[in-house]
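The numbers here are math on the coordinates, done by the rules we state, and not lab data. Please read these numbers as outputs of a predicted model, since none were measured by experiment. Backbone-built Cβ (ideal geometry, glycine too); neighbour counts: all protein chains shown.
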2 protein chains.
Amino acid sequence: MKQYQHPTIDQITLTGILHALSDPVRLNFVRSLDQYATEQRCGAIATPVAKSTMSHHLRVLREAGIIRTRTEGTQCLTSLRLDELETKFPGVVKSVLSAVDQAESVPQ
Amino acid sequence: MKQYQHPTIDQITLTGILHALSDPVRLNFVRSLDQYATEQRCGAIATPVAKSTMSHHLRVLREAGIIRTRTEGTQCLTSLRLDELETKFPGVVKSVLSAVDQAESVPQ
């Protein structure tokens, strides 16, 4: 079964987070994940790009420390590491997500 | 005299801001500019990169709508567009700058 690698909280950098969120597809994905507020089955969130492209985007988000992916049985599940990010960089991801909400959605 | 082009507030995008701030050199420059709190003479803020490289970074920041550059006589002056950014994306740039302050400085 596939094991996903995640940075520890100490390894997460501010510039890494900003870079990961600077892409419209990734930003909209994170916003959707935040709106569900619970762990989501991989592939459950609709995205406007090919599966292989989305795999790349998810890896960027995972390596930046924004999402966590795990497997359970045959399922792949993804969640937002919002509590950890809030602890390390208070307000950063939350204010970005609020700004997306205000703009309704980011043009892709 | 050189005229600098700047996006209007409507043209400024969230992803553009996040991208511009996702580079350590640019992020530290913006943080320094914020700490001075007033318009600064171009070149007054020390940076760890060559002048030509910094010109590129300043263009990225200007085109993203984060800084404003103008000339006065023979001087070139740069300021942060923080009030405008706060109006459009409340808390985003401020929380990022606070996060940099907490971390003392971003490794470059």
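What does the structure give for B:7-13 when I average, per residue, the other chain Cβ atoms found within 10 Å of the residue Cβ?
On the way: counts 0, 0, 0, 0, 0, 0, 5.
For this peptide, the per-residue mean of nearby foreign Cβ atoms is 1.
Hey, got the average number of other protein chain Cβ atoms within 10 angstrom for residues in B:88-98? Display every interim value, and only then the final one.
Numbers: counts 3, 7, 4, 7, 9, 1, 3, 8, 9, 1, 4.
Mean shielding count: 5.
Give me the mean projected area, in nm² to one decimal, of the convex hull enclosing the Cα positions of the protein assembly as shown.
Value for the protein assembly as shown: 12.9 nm².
I need B:Thr74, A:Thr15 ordered by Cβ neighbour count within 10 Å, fewest first. Working shown, then result.
Working: B:Thr74 6, A:Thr15 21.
Going from least to most buried by this count: B:Thr74, A:Thr15.
Using the number of other C-beta atoms within 10 angstrom as an exposure proxy, rank A:Ser52, B:Ser95 with the fewest first.
Details: A:Ser52 7, B:Ser95 18.
Final ranking by Cβ density, sparse to dense: A:Ser52, B:Ser95.
Taking 0.36 nm per residue of separation and subtracting the Cα-Cα distance, what length does fully extending B:Ile9 through B:Thr71 add? Please list the in-between numbers first.
On the way: separation 62, 0.36 × 62 = 22.32 nm, distance 2.07 nm.
Here the segment from B:Ile9 to B:Thr71 would lengthen by 20.3 nm.
Hey, got the dipole for region A:5-108? About the Cα centre, +1 on K and R Cβ, -1 on D and E Cβ, debye to the nearest 20?
Numbers: 11 positive and 11 negative charges, 58 e Å.
Charge dipole, region A:5-108, about its Cα centre: 280 debye, nearest 20.
How many lysine pairs are close in the protein assembly as shown, with Cα atoms under 22 Å apart and the two 8 or more places apart or on different chains? Can you show the working numbers first?
On the way: A:Lys2/A:Lys51; A:Lys88/B:Lys94; A:Lys94/B:Lys88; A:Lys94/B:Lys94; B:Lys2/B:Lys51.
Qualifying lysine pairs in the protein assembly as shown: 5.
How high is the relative contact order of chain A, in percent, counting Cα pairs under 8 Å that sit 6 or more residues apart? Please report the intermediate quantities before stating the final value.
Numbers: 110 pairs, mean separation 36.6, N = 108.
Across chain A, relative contact order equals 34 percent.
Output needed for region B:9-89: three equivalent-ellipsoid semi-axes, defined as square roots of 5 times the C-alpha gyration tensor eigenvalues, in descending order, whole Å. Please report the intermediate quantities before stating the final value.
Numbers: eigenvalues 73, 46, 27 Å².
With the √(5λ) rule applied to region B:9-89, the semi-axes are 19, 15, 12 Å.
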